[in-house]
Amino acid sequence: MIAARGLSSPRMLVLPAAALIVVFVVMPYLNIMVMSLRTPAQGNPYGEGFTLQSYLTILTDAYYYEAVLKTLRLGVVTSITTLALGLPLALHINRAGRRMRGLLIALVLSPLLVGIVVRSYGWTILLGNAGIVNSTLRNLGLIDRPLPLMYNELGIIIGLTHVFLPFMILPILSALQSIDPAVSAAARSLGARPFTVFRRVTLPLALPGIRSGTILVFVLAVSAYVTPALMGGMRIQTATLMTVDILIDQYRWPFGSALALTLSIAAALMIFAFGRMTRTRWTQ
Amino acid sequence: MTQVRIEGLTKRYGSATAVDRLSLQVENGQFVSLLGPSGCGKTTTLKCIAGFEEVTGGRILFDGRDVSREPPEKRDIGMVFQSYALFPHLTVAGNLAFGLEMRRVPPAAIRERVARALDMVQLAPFAERYPKALSGGQQQRVALARALVIEPRILLLDEPLANLDAKLRDEMRLFIRDLQQRVGITTLYVTHDQSEAMTMSDLVVVMFDGRIAQAAAPQEVYDLPASEAVARFVGNANILQGNVRDGVVHLAGGASPVPMPQLPPGPVRLMARPEQISLVQAGVASDMVGRVDHSYFNGSHVDYRISTDAGDIAVHASTAHIFPAGTPVGLRFDPARLWPMEPRA
């Protein structure tokens, strides 16, 4: 009886999804955790026994911990640039008419529709040393030598900002659209000028969207691989690029796992802190 | 305290005219309802007064000063919205303080005025709650307090009771009217509910198609409607066809003529409210005969539908004697309360 009722309970409905998560998320993570504690070996991915040596190396060797810090920095800067570009865009789209809004959202999503390689080579045409921006500036006599716009951190930030902008705009837009227009009208009737309405009403009400957009972009930017590889020209070693190199090219599974986990934990701590900072009491 | 004058107000959206040359004067401390079906322009009128809509033509004057071109934040109005429009990210006290902060009232005075306003709407214990944690009726009272705490020149209410359940609506009706009387503020109230307009207002403005059909005291609108459309919109109305000869109305399907010496000769249509018609047993002297089609017992009274030669007639009668469906009955009209519809002498 009990078993039969258990099987028919609505909780059973989450079982397929839960199984998928266990097999494809929980188990690989556990596997990586265990792997990061294994010892290195020659000719084999890992050796006998367990050690904390990989973590010690990462935390003491500047080559590694600076790669982690650089990656987190790229994540933070990309979050800020997408927010700076995305918030005004979301506000504009929110105020546009129905048809215009559809068009603008399609434009916002367009970077996701272009293959990552094509997109990155598009940027090369624009930002490379012989690219449109540099040659124009040179022809105008404004610069002697090409500006380093690509194959550095700036290039990575430009590329990441471009492709992750939709992930900032869409949550903010959805927060803006859930604001009752009468709320802004009420603020006006109580004596607030349009900019005050924005500062005291619209912006605070958009905060939950800003918050999720920022977290989303940060996570995506920190874990990005192809864009940093192409836009950085393999000259900038992010922790993500380094991890793949160590795991696949150098065949050092324990150390690569430790590096990947260090980045994950550091990013998770930052997200947690950001979440605490931007917590809103009214949405609880 | 402010007098509101509207002169030839017109609002067009493209080729559609929402408000058509509307003129109205609201005196100091008066409670005026704009009553009409949806799309009649009553809410547009209110939005023009609040400054949320730009007027296409005409003027709006507060105490003689033209405010038609001023933005809403300059008009010093208190407005209550159908959706309440409370700030979800501010506490009840924060919602009330907003308008005072905009007016740069010192914090100590803000605290005192917010506390007083919350007492006024009996919500003092809820000051630190967020709107989401309040019931519909409580949110409504917060919205009212938020509009009044700034001590505005006029109070505008846009269907404020539409989202409440029936019992609460009746309570809030009296509450709002009572509050308005105590504060003595000039108030404009938009509603499509005729009983709401009746019970609360000094003046009822019935609107159809962007124009005023009638502006009068509630009892006048009810008893002496300016047109058949008003008669039908405000309460139930029976319209009886008749013909006047020598000051006597001969009703279509009627048994006996009704004397109405003030009417000119010719065809006439008379309005009789369902409660102004009484029923008598068949055979007793009456103005018209019919048969009970339906009777709906309603606790305090009975609603009948009587089929007669002049069509179906609604009667609202006491429960002293209930005529069951199928019974032949006589109808009696009170000549003093039959109201001739247009065309009228």
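Once the dipole of region B:4-233 is set up with Lys and Arg at +1 and Asp and Glu at -1 on Cβ about the Cα centre, which of B:61, B:212, B:162 lies farthest towards its positive end?
So the residue we want is B:61.
If a helix is a whole DSSP H run, which ones in chain A reach 30 Å or further along their own axis (Cα) and hold a mean Kyte-Doolittle hydropathy of at least 1.6?
A:153-177
Where the eigenvalues come from the Cα gyration tensor of region B:238-340, what are the semi-axes √(5λ) of the equivalent ellipsoid, largest first, in whole Å?
The equivalent ellipsoid of region B:238-340 has semi-axes of 25, 13, 11 Å.
Binning at 10 angstrom from zero up to the longest distance, how are the C-alpha pair distances of the protein assembly as shown distributed in percent?
Once binned at 10 Å, the Cα pair distances of the protein assembly as shown give 3, 11, 15, 15, 14, 13, 11, 7, 5, 3, 2, 0, 0.
Longer than 32 Å from Cα to Cα, which of A:70/B:132; B:47/B:132; B:47/B:167 are they? Say none if no pair is. List each step's numbers first, then the result.
Working: A:70/B:132 42 Å; B:47/B:132 26 Å; B:47/B:167 28 Å.
Exceeds cut-off: A:70/B:132.
How many percent of DSSP beta bridges within chain B run antiparallel, rounded to 5?
75
Once both labels are modelled 7 Å past Cα along the beta-carbon direction, what's the residue A:84-residue A:98 spacing in nm?
For the pair residue A:84/residue A:98, the computed spacing is 3.7 nm.
Quick one: what Rg and Dmax do you get for region A:143-284 from the alpha carbons, in Å?
In order Rg, Dmax, the Cα atoms of region A:143-284 give 20.5, 67 Å.
Post the alpha-carbon centroid distance, region B:269-345 to region B:161-188, in whole angstrom.
If we compute the Cα centre of each part, the gap is 34 Å.
Could I get the Rg over Rh figure for chain B? Both from C-alpha atoms, Rh via Kirkwood, rounded to two places. Before the final figure, lay out each step's value.
Values: Rg = 24.4 Å, Rh = 22.7 Å.
Over the Cα atoms of chain B, Rg/Rh equals 1.08.
For the protein assembly as shown, with only Lys/Arg (+1) and Asp/Glu (-1) charged at the beta-carbon, what is the dipole magnitude about the Cα centre, in debye rounded to 20?
On the way: 58 positive and 45 negative charges, 326 e Å.
Using only the charged Cβ atoms, the result is roughly 1560 debye.
Compute the long axis of helix B:92-102 from its Cα atoms, compare it with the longest principal axis of the Cα atoms of chain B, and write down the angle in degrees, 0 to 90, nearest 10.
With both axes taken from Cα atoms, the answer is about 70 degrees.
Gap in Å between the Cα centre of region A:70-130 and the Cα centre of region A:229-249?
A separation of 23 Å, based on Cα centres.
Please list, or write none, the lysines whose alpha carbon is within less than 23 Å of the alpha carbon of residue B:42, excluding same-chain residues fewer than 8 places away.
Excluding near neighbours in sequence, the set is B:11, B:74.
Of B:260, A:33, which has the most accessible area with a 1.4 Å probe, and how do the rest follow in descending order?
Greatest to least solvent exposure: A:33, B:260.
Hey, if you put +1 on the Cβ of every Lys and Arg and -1 on every Asp and Glu Cβ in the protein assembly as shown, which of A:158, B:98, B:85 ends up farthest toward the positive end of that dipole?
A:158
To the nearest whole number, what is the average tally of beta carbon atoms from other chains within 10 Å of the beta carbons of peptide A:175-185?
The mean count of partner-chain Cβ atoms within 10 Å per residue comes to 4.
Can you show me the helix-derived [θ] at 222 nm for chain B, built from DSSP H runs with n ≥ 4 at -39,500 (n - 2.57) apiece and divided by the number of residues, rounded to the nearest 500. Working shown, then result.
Values: 8 runs with 85 residues, N = 345.
Mean residue ellipticity, 222 nm, calculated: -7500 deg cm²/dmol.
At a Förster radius of 30 Å, what calculated FRET efficiency corresponds to the Cβ-Cβ distance of residue B:312 and residue B:224, to the nearest 0.05?
Details: r = 24 Å, r/R0 = 0.79.
Working from the Cβ atoms, E equals 0.80.
Which one, B:149, B:252, B:38, projects farthest toward the positive side of the charge dipole computed for chain B from Cβ point charges (K/R +1, D/E -1)?
Comparing the listed Cα positions along the dipole, B:149 ranks first.
Determine the dipole magnitude for region A:180-258: charges of +1 sit on the beta-carbon of Lys and Arg, -1 on that of Asp and Glu, nothing else is charged, the reference point is the Cα centre, and the result goes in debye to the nearest 20. Before the final figure, lay out each step's value.
Working: 7 positive and 3 negative charges, 103 e Å.
Dipole magnitude for region A:180-258 comes out near 500 debye.
With N denoting the number of residues in region B:216-275, provide Rg(C-alpha) divided by 2.2 N^0.38 Å, to two decimal places.
Working it through for region B:216-275, the quotient is 1.19.
Considering every residue in B:269-275, what mean count of other chain Cβ atoms within 10 Å of its Cβ is obtained? Walk me through the intermediate numbers first.
Working: counts 0, 0, 0, 0, 0, 0, 0.
Mean shielding count: 0.
Over the alpha-carbon set of region A:121-218, divide Rg by the Kirkwood Rh and report the Rg/Rh ratio to two decimals.
Rg/Rh: 1.23.
Calculate, axis by axis, the spread of Cα positions in chain A along the three principal axes, and write the results as whole Å, longest axis first.
Principal-axis extents of the Cα atoms in chain A, largest first: 81, 73, 33 Å.
Can you tell me the accessible area per residue over chain A, all protein chains present, probe 1.4 angstrom, in square angstrom?
Accessible area per residue: 57 Å².
Normalised by the residues of chain A, what does the relative contact order come to in percent, with Cα pairs under 8 Å and at least six apart?
Answer for chain A is 28 percent.
Please work out, to two decimal places, the log10 of the ratio I(q)/I(0) at q = 0.12, 0.13, 0.21 Å⁻¹ from a Debye calculation in which every Cα of region B:179-256 carries one identical scatterer.
These q points yield log10 I(q)/I(0) values of -0.47, -0.53, -0.95.
Placing +1 at every Lys and Arg Cβ and -1 at every Asp and Glu Cβ, with all other atoms neutral, what dipole size does region B:31-140 have around its Cα centre, in debye to the nearest 20? If you can, show how the numbers build up before the last one.
On the way: 14 positive and 11 negative charges, 9 e Å.
I would put it at about 40 debye.
How many partner chain Cβ atoms sit within 10 Å of a residue's Cβ in peptide B:71-77, on average, as a whole number?
5
The values are calculated or read from the model by the stated rules, or taken from the named source; none is laboratory data. These numbers were taken from a predicted model, which means no experiment stands behind them. In this analysis, Cβ positions are derived from the backbone assuming ideal geometry, glycine residues included, and neighbour counts consider all displayed protein chains. Quick note on the areas: whole protein, heavy atoms, side chains included, nothing else; ligands and nucleic acids left out. Shrake-Rupley method; radii C 1.70, N 1.55, O 1.52, S 1.80 Å.
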